Amino acid sequence: MTSTMEQQRQRAEGDFERFTARVNALVERHPVVTDNRYCTWFAQGQASAAQVKDLLVQFSVFSNLFIVAQLLKTINAPSLAQSRQSCEILVNELGVIFNGTRASGIDHDAAGDPALVATEGTVDGGTYRFGARHFEWLLRVGESVGLGFDDLGKRRHGTEATLFFCDELARIYGSDDPDLAEGASYAVEHWAAAGFWKQLIAGLEAYKAQQCPSLRLSFFTWHDRVEANHAAHTDDELAEAFVRPGFDEERFCLGATEMLHAVEVFWNGLDTNRVTLGGAHHG
Ligand SMILES: [Fe+2]
């Protein structure tokens, strides 16, 4: 009896190792994670004003429509704990400040400034500020390059590639099939933690230094700090998904694959635009 149980345990461990290796090969070695052409180019700091604007507009559409996908994920979460985790991200996007510590000693939450508000903690008991909506942070980035409220964040501002990505997020990341959704979620978090925020920050810092001293980067630096916290949690999620009754590995991998494809379409869309908009630097 005991030896049978031991054998089962060993088999389960072996299965998990094989599953982890498979997901690893699929997600962590995906070209959009390891070698994002657009972001590599952007980080070189040669983007023109038109190219920076294009990034901000397309990113604002993704950022706003992501809220729709995050709401669906919250509604469709397979457990109360997961619906709360999902809700943390949702309402933080919408302006509830994490109840953590940063810049302690002053009323750092007052204006919801992303340069000052916490990137850790919980929204439970947190303060709501209109100014802490991530979209409003992006509006402030837009201001310094001449983009206003009417230029940002709406579906009508998205290219076909951007809208494909947003619609796939709602369909897969927000799916009511928990295996598909978790595969997508795992993929999205790995992509987000792989360094694209740093690449965008590097490019924007160069643009700021060269021609736009008033540019505010804190929307980007805040998200970069958050990703560092998120990355640590993703492997736990993999283990949790694997032991959920009825877990379907194929659906998980399908969700991850399709989601990464959509991420890639988004960045390739920007890459195509920057060539069209580009001057001398196509490198
Ligand atoms: Fe955000």
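The values are calculated or read from the model by the stated rules, or taken from the named source; none is laboratory data. Model, not experiment: these values are computed from the prediction. Here the Cβ is made from the backbone with ideal geometry for all residues, glycine too, and neighbour counts use every protein chain on show. Ligands, DNA and RNA are stripped out before the accessible areas are found, and what is left, the full protein with its side chains, is counted by its heavy atoms. Shrake-Rupley method; radii C 1.70, N 1.55, O 1.52, S 1.80 Å.
If you go through segment 76-101 and keep only what is assigned to a helix (DSSP H, G or I) and either within 21 Å of Tyr128 (Cβ to Cβ) or within 16 Å of the ligand (Cβ to nearest atom) (or both), you end up with Ser83, Arg84, Gln85, Ser86, Cys87, Glu88, Ile89, Leu90, Val91, Asn92, Glu93, Leu94. Residues in segment 159-178 that are assigned to a helix (DSSP H, G or I) and either open to solvent by less than 10 Å² (accessible area, probe 1.4 Å) or under 28 Å from Gly142 (Cα atoms) (or both): 13 in all.
Among the residues making up segment 222-273, those that are polar (S, T, N, Q) and touching a residue at least 60 places away in the same chain (Cβ under 8 Å) are Asn229, Thr257, Asn268, Thr272, Asn273.
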